[in-house]
Amino acid sequence: MLDWLADDIHDLGPEYVVIAGDIFDRRSTPEERLYFRDWILRVSARSRVLAIPGNHDDPQDLELFDDIPGTLNVDVAPRVAHWPDASFAVLPWPRLGHLAASLPAGVGIAERREAARAALVDVLRGMRSAVEDARAAGTPTLLLAHANVIGAAMDSGQPVCG
């Protein structure tokens, strides 16, 4: 399927290819990472590629793409990516484990959720001025996020929480 998609990207010539997370659906193998790296090289020869990790992506899996020049950004931290004709506010899947590890021992689930919510609000507020600057300059801005909403469930039926 990825080969078919790369062929379509080549034929249609979109300016951007945006991957909103879950590049891999589990811990990837070296073969899968190399295949996807080759796919990215093929696609980025024609289009700019912006990717963010999702909840299934291990940030270490994405280090493989660090040395691809020019037309690729793999963002693992929230930021505003400015390109010549567009700006992307990127919000990868928040790693709540990292946040939880920074909290004092004994913090309950409700407090963790509130800390996560407050951290996300801070991140979004921090992005706001960069987005406003881009808009003032007449640059189209897009939000790219790997996120879900309260009440969401995985395809297995398991509630998404945390």
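Bear in mind that the values in this text are calculations on the coordinates, not laboratory data. Remember, it's a predicted structure, so these values are computed and weren't measured experimentally. Note that we place each Cβ from the backbone using ideal geometry, even for glycine, and neighbour counts take in every protein chain shown.
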### Task
For the stretch 1-67, just run the numbers: alpha carbon Rg, then divide by 2.2 N^0.38 Å, N being how many residues it has.
1.08
### Summary
Ranked on Cβ counts within 10 Å of their own Cβ, fewest leading, I52, I68 go I68, I52
### Query
Hey, can you rank 109-122, 12-25 by average C-beta count inside 10 Å, highest first?
12-25, 109-122
### Summary
Put in order of increasing Cβ neighbours within 10 Å, starting from the fewest, W93, W39 give W39, W93
